[in-house]
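First up is the structure itself, then whatever we jot down about it.
The values are calculated or read from the model by the stated rules, or taken from the named source; none is laboratory data. Just so it is clear, the model here is predicted, and its values are computed rather than measured. Methodologically, a virtual Cβ is constructed for each residue, glycine included, from the backbone with ideal geometry; neighbour enumeration extends over all protein chains shown. Protein only, heavy atoms only, side chains kept; ligands, DNA and RNA dropped before computing areas. Shrake-Rupley method; radii C 1.70, N 1.55, O 1.52, S 1.80 Å.
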Amino acid sequence: IQGSSFGSPDVSIGVRCGRGSCARIEGNTITGRGGNHPYGLWLENTGVFVADNSIAGGCPTGASYGVLSVNAWPRLENNVISGGTCNGGASSGAVYTGLLVRLADGGNEPDVHSNAIDAGGSAGLACTGVAVRLEPVPGATPPSGPMAVFRNDILRAGLCTTNRVFIEADATVDPRILENNDFDPFNAPDALYLDEGVTTLTLLVDVNGLGRPTTSRLNISADPLFVNYGIGNLHINPGSPCDGAGTAAGAPPVDMDDAARSTTSPDIGADEI
């Protein structure tokens, strides 16, 4: 599924679910493809179940997004998500985001579990890559407390020259649970975590001690040993530090290939060795 087949539209979307629409998105390859702002998957005010997909933004002239969640409560599991990339024709200054979560007051929060989320981008290009970004919904009342669950996800900041793994846009947005994720140090990210839009955290100990010890813990920061990142094969090799490093809390029973996961110590990411 692709949002455009040729040309450069201002907005290109692979799949869009809004206002309670969509029940299940599973087993697809989805891309926004190209244009100024390509989106792989746009979710708004919906609790859709999203599993076992390959989802990418595209090749932007402005900014691309693998998945956008706006005041939504989706369950994302076993997906390989990328902000996109360009095979030639890449634009300097473009922004690539794997997952953009916009939060508002009211309790709608995404549950993001056992995915591989990569900013993408183009190697050596003066672009910006972000694996995950949290921000308030524009014009809405911001959350009254921490929201959004992230467990057992591999988070990679991608190929751009400016890159961060996880960003809180400002002080109004915080994840409620952030545990057993891999903050991948690939390409020496400028930050593993940008706290409240101002504080740059480059050490794992600071990520795990964000002042919310019951919600930020047991994360790792290590090369997951993907089989072949260059061609998008984000299975992990034997010996990966992600092997057995996940939490069983809320974990899916199988991985992206329908292989059974450990019931006590599943792997981090979409693949179970």
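Kindly indicate the residue of segment 75-87 that is part of a loop (DSSP other than H, G, I, E, B) and within 13 Å of the chain's Cα centre (by Cα) and also surrounded by the most Cβ atoms within 10 Å (Cβ to Cβ) among those meeting that condition. Checked segment 75-87; the qualifying residue surrounded by the most Cβ atoms within 10 Å (Cβ to Cβ) is GLY83. The set of residues in segment 90-120 that are at pLDDT below 95 and on the phi > 0 side of the Ramachandran plot comprises GLY93, GLY107.
Condition check for LEU178 on (1) under 17 Å from GLY145 (Cβ atoms); (2) surrounded by fewer than 21 Cβ atoms within 10 Å (Cβ to Cβ): one failure, at (2).
Of all residues in segment 148-159, none are within 18 Å of ASN219 (Cβ to Cβ), out of contact with any helix residue (DSSP H, G or I) (no Cβ under 7 Å at 6 or more places or on another chain) and open to solvent by 60 Å² or more (accessible area, probe 1.4 Å). Being within 19 Å of ALA245 (Cβ to Cβ) and outside any loop (DSSP other than H, G, I, E, B) is the filter here; which residues of segment 190-205 pass it? Correct list: LEU192, TYR193, LEU204, VAL205. Part of a strand (DSSP E or B), touching a residue at least 12 places away in the same chain (Cβ under 8 Å) and open to solvent by 30 Å² or more (accessible area, probe 1.4 Å), is that true of TYR39? The answer is no for TYR39. Of ALA56, ALA51, ALA63, ALA23, all but one fail to be surrounded by fewer than 23 Cβ atoms within 10 Å (Cβ to Cβ) and either in contact with a Lys or Arg (Cβ under 6 Å, 6 or more places away or on another chain) or touching a residue at least 60 places away in the same chain (Cβ under 8 Å) (or both); the exception is ALA51.
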